[in-house]
Amino acid sequence: MRHQVKSKRANRNKAHLDSMLRNLATSIILYEKVKTTKAKAKLVVPIVEKLITKSKKSSTMNAMRYLNAYFLDKNASKKLVRELLDRYKERGSGFVRLTNLGFRAGDAAPMVQIELI
């Protein structure tokens, strides 16, 4: 029974899920456009939104420390603070867009493209 269980697990244990989401969030920031399944995208979008908002509201040093602790590549936090924050200065939220791409050929999983606006 799922009484009062509010998070999705995507059929993975906690360590695998955390690692997958950190890796996907890092890729989204670095490449600004990533193709993935719809289930994974729904899990990672709130994380990316919170990371961008956190980097906007914090001082630069605090934001860098927080982002460096989360991202798997240090270049992702540098890019977010130095380049992407200028783009989102006036925007309150909604930094990520999901675009449906259809179904994957092998297992018919719904695919989406995650891109930064």
So which helices (runs of 4 or more DSSP H) stay within the stretch 1-105 end to end and still have 2 or more residues that are within 19 Å of ILE117 (Cβ to Cβ) and not basic (Lys, Arg)?
14-31, 38-57
Looking at the stretch 1-45, which of its residues are closer than 16 Å to PRO110 by Cα and among the hydroxyl-bearing types (Ser, Thr, Tyr)?
THR36, THR37
Members of the stretch 74-110 that are touching a helix residue (DSSP H, G or I) at 6+ places or on another chain (Cβ under 7 Å), surrounded by 12 or more Cβ atoms within 10 Å (Cβ to Cβ) and more than 18 Å from THR26 (Cα to Cα)
PRO110
Can you pull out every residue in the stretch 13-41 that is closer than 18 Å to GLY94 by Cβ and surrounded by 14 or more Cβ atoms within 10 Å (Cβ to Cβ)?
ALA25, ILE28, ILE29, GLU32, VAL34, ALA41
Residues located in the stretch 42-53, provided they are in contact (Cβ under 8 Å) with a residue 40 or more places away in the chain and open to solvent by less than 20 Å² (accessible area, probe 1.4 Å)
VAL44, VAL48, ILE52
Of all residues in the stretch 54-71 being touching a residue at least 12 places away in the same chain (Cβ under 8 Å) and over 22 Å from LYS8 (Cα atoms), which is surrounded by the most Cβ atoms within 10 Å (Cβ to Cβ)?
LEU67
Determine the pairs where a residue that is on the phi < 0 side of the Ramachandran plot and aromatic (Phe, Trp, Tyr), located within the stretch 1-26, has a partner that is open to solvent by less than 40 Å² (accessible area, probe 1.4 Å) and outside any helix (DSSP H, G or I) with Cβ atoms under 9 Å apart, the partner being 6 or more residues away or on another chain.
none
Pairs only if they're at least six apart or on different chains, beta carbon under 8 angstrom, first in the stretch 86-102 and farther than 13 Å from SER55 by Cα, second loosely packed, with under 12 Cβ neighbours inside 10 Å and polar (S, T, N, Q); list them, first residue then second.
none
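The values are calculated or read from the model by the stated rules, or taken from the named source; none is laboratory data. Just so it is clear, the model here is predicted, and its values are computed rather than measured. For neighbour counting, all protein chains shown are included, and Cβ atoms are generated from backbone atoms with ideal geometry for every residue, glycine included. These accessible areas exclude ligands, DNA and RNA; they are computed on the full protein's heavy atoms, side chains included. Shrake-Rupley method; radii C 1.70, N 1.55, O 1.52, S 1.80 Å.
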